[in-house]
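Enquirer: Let me give you the structure first, and then I'll get to my questions.
The values are calculated or read from the model by the stated rules, or taken from the named source; none is laboratory data. This structure is a prediction, so every number in the text was calculated from the model and none was measured. Using ideal geometry, Cβ is built from the backbone for each residue, glycine included, and neighbour counts are taken over all protein chains shown. Just the protein is used for accessible areas: all its heavy atoms, side chains included, with ligands, DNA and RNA removed. Shrake-Rupley method; radii C 1.70, N 1.55, O 1.52, S 1.80 Å.
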Number of protein chains: 2
Amino acid sequence: MRQNIDERTGSPTRQPSFVESHVQNLRVAAHVTVLHEGDPARRIMEVVEGAVMLTKLLPDGRRQVVELLGPGDVFGLAHDEAYACSAETLTPATITTHERNALERDPALAARLLRRFEAQLCVMHSHALVLGRMSALERVAFFLLRLMPDGMVGGTLRLAMTRQEIADFLGLTLETVSRAFSELKRRGLVVLQRADEVRIQDRSSMRRLAGAA
Amino acid sequence: MRQNIDERTGSPTRQPSFVESHVQNLRVAAHVTVLHEGDPARRIMEVVEGAVMLTKLLPDGRRQVVELLGPGDVFGLAHDEAYACSAETLTPATITTHERNALERDPALAARLLRRFEAQLCVMHSHALVLGRMSALERVAFFLLRLMPDGMVGGTLRLAMTRQEIADFLGLTLETVSRAFSELKRRGLVVLQRADEVRIQDRSSMRRLAGAA
DNA sequence: CGTGTATTTGAAGTATGTCAAATATCGTGG
DNA sequence: CCACGATATTTGACATACTTCAAATACACG
């Protein structure tokens, strides 16, 4: 069952030792909404471990997963004092949170966030290219390569996302994502042990499809 | 005619006084490519005046305009030591450039960039929602509202972009963009004196279309 | 082992893309 | 200042990739 989390207390997870500090660590289960688009932006957060997705909604309920985050990535960004996105864990996760004004007081934190923002901005630029100009098959190929760094060649990737979540990330429907997986299987580019266990079989063809990744 | 610019000398524009400094100001004409995706990322840049677009290309030539920049915005970001995007002026522009290592030496610069990166990251999140989940008509409405801040109500907006550039920004074709403009005219939401002069007639309907902007 | 959820697959509809032609606009030189 | 050629925009007709709706299968959990 999906659940929310109270930002101040961190319930229902175990609490770290120094509750009233401006640094706070959270241990969160999978499928927990850590913060909500539109809420007053009190804190800025870093993923220490696990995976988090940022989502935005349109008034009629259409959803976009705007960013996928892993260890080191930063979220809880504000536009007009309010969180610009909701954040939900995909896996159990450890998260560090800081008061927003800690940015002025802590130069090491500021420097780290600066580097990370640059990296995340570059990823968003790539994602704009994916969303604006790639076909469904290309998008799914790009998505799988992005989740499967060059290091883990031959390994099997465990997807922590449903077809619906992948679709919302890639700007498609869940049916189109499913068909794209089937097409990649048919062409021999990937093998699926189960719906959420992918192995990339032909990396160079995947690369070509994804237009360099 | 579109032209390139040599990053080091700033030709063919007038040169500022302190050429070998790590800060350098450039005056650039419209339609000049200030830097190229893939080139070694030596400098980081701020728009002082004018408008700049960042673009990415796929191997087969498909293009995405990933970001539109105005005064204060930062570009020249690096992924693996190389520029992640090309940057081209839309209007005559003034640009300040810094050596990349100035980030460590100049805390004021770092603090400014941090704030700006946060803002630009939020804009990219919105843009992902636009590209992933909005219809053509909604995208164009969103685009026009974004260019027409609430302040200048009733004013006429001079578009500095062709239909092709708008299409590449919104993930559409130029024909679809043109049809969307025509549809907005037909519905009485906008008035076009000329193809590149837009006045928003019915702001609330535009807002509704764009799903709050 | 059964029940509910996620995924796959099929058939049909639609928004947007593609190709093509007409019209409008801009810049240039006579 | 006007006329011309070049470029940008609009509009139309048709094609198609993706969506929508629906049903069958696979999978996970109690």
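Enquirer: Report whether or not B:Ala119 is open to solvent by less than 30 Å² (accessible area, probe 1.4 Å) and either at pLDDT 95 or above or part of a helix (DSSP H, G or I) (or both).
Expert: It is false that B:Ala119 is open to solvent by less than 30 Å² (accessible area, probe 1.4 Å) and either at pLDDT 95 or above or part of a helix (DSSP H, G or I) (or both).
Enquirer: List pairs: first in segment A:175-193 and without any contact (Cβ under 8 Å) to a residue 12 or more places away in the chain, second near DNA strand C (Cβ under 8 Å from one of its atoms) and part of a helix (DSSP H, G or I), Cβ under 8 Å, 6+ apart or cross-chain?
Expert: Correct list of pairs: A:Val191/A:Lys185; A:Leu192/A:Phe181; A:Leu192/A:Lys185.
Enquirer: Test B:Leu189 against the stated conditions and say whether it is within 12 Å of DNA strand D (Cβ to nearest atom) and not assigned by TED's automatic domain parsing to the domain that holds B:Gly50.
Expert: Taking the combined requirement at face value, the residue does not satisfy it.
Enquirer: Which one of these does B:Asp202 not meet: (1) within 15 Å of DNA strand D (Cβ to nearest atom); (2) over 21 Å from A:Ala84 (Cα atoms)?
Expert: Only one criterion in (1) within 15 Å of DNA strand D (Cβ to nearest atom); (2) over 21 Å from A:Ala84 (Cα atoms) is unmet by B:Asp202, namely (1).
Enquirer: Oh, and also: Give the residues of segment B:8-61 that are hydrophobic (A, V, I, L, M, F, W, C), at pLDDT 95 or above and open to solvent by 60 Å² or more (accessible area, probe 1.4 Å), sorted by residue number.
Expert: B:Val48, B:Leu57
Enquirer: If you don't mind, there's one more thing I want to ask. Of (1) more than 12 Å from DNA strand C (Cβ to nearest atom); (2) more than 9 Å from chain B (Cβ to nearest Cβ), A:Leu113 satisfies all except one. Which?
Expert: Of everything listed in (1) more than 12 Å from DNA strand C (Cβ to nearest atom); (2) more than 9 Å from chain B (Cβ to nearest Cβ), A:Leu113 misses just condition (2).
Enquirer: Give segment A:154-213 a look and list any residue that's open to solvent by 60 Å² or more (accessible area, probe 1.4 Å), near DNA strand C (Cβ under 8 Å from one of its atoms), of a type outside the set (Lys, Arg) and away from chain B (no Cβ under 14 Å), or say none.
Expert: Hits for segment A:154-213 are A:Thr162, A:Glu175, A:Ala195.
Enquirer: Kindly check whether there is at least one residue in segment B:125-141 that is in contact (Cβ under 8 Å) with a residue 60 or more places away in the chain, away from every other protein chain (no Cβ under 13 Å), in a helix (DSSP H, G or I) and hydrophobic (A, V, I, L, M, F, W, C).
Expert: Yes.
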